[in-house]
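Report on the following structure.
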Amino acid sequence: MIMEQHIKSKCKAAYAQLYNIGKVRKYLDHQSAEKLIHALVHSHIDYSNALLIGLPKYLIQKLQMVQNTAARVLCRIGKYDHITSTLKSLHWLPVGFRFKY
């Protein structure tokens with residue numbers, strides 16, 4: 001199995017779930033939205049973590065962008081706002097460290 005195709009399909013599925021969550025986000029409180037994102041989006045990011053160790057940086061960056069978008073949807077922050085502080089406040093590890101953890 002080619003990992004680039006695997007990551008592409010996982011990112012596509014995660015973005016589809018984020019799109020759906022984004023449509024109903026205004027009706028959800030923070031805790032409910034966070035549970036949805038953990039269940040529907042992080043499951044795609046964390047799928048087969050052991051196989052993703054040692055991948056090229058550009059492939060890991062694709063998964064990191066999914067996680068960044070999930071944090072933006074959850075916290076309702078803009079596209080061009082800094083995301084690092086938001087990830088720290090949510091206690092979410094960057095994708096590269098999630099593999100090793």
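The numbers here are math on the coordinates, done by the rules we state, and not lab data. Since we're looking at a predicted model, the values are computed, not measured. Backbone-built Cβ (ideal geometry, glycine too); neighbour counts: all protein chains shown.
Only helices reaching 27 angstrom along their own axis (Cα) with mean Kyte-Doolittle hydropathy no lower than -1.0 count here, and for the DSSP H runs of the chain these are 3-24. For chymotrypsin sites (Phe, Trp or Tyr not before Pro), the sites in segment 47-97 that DSSP calls loop and that have at most 13 other Cβ atoms within 10 Å are 80.
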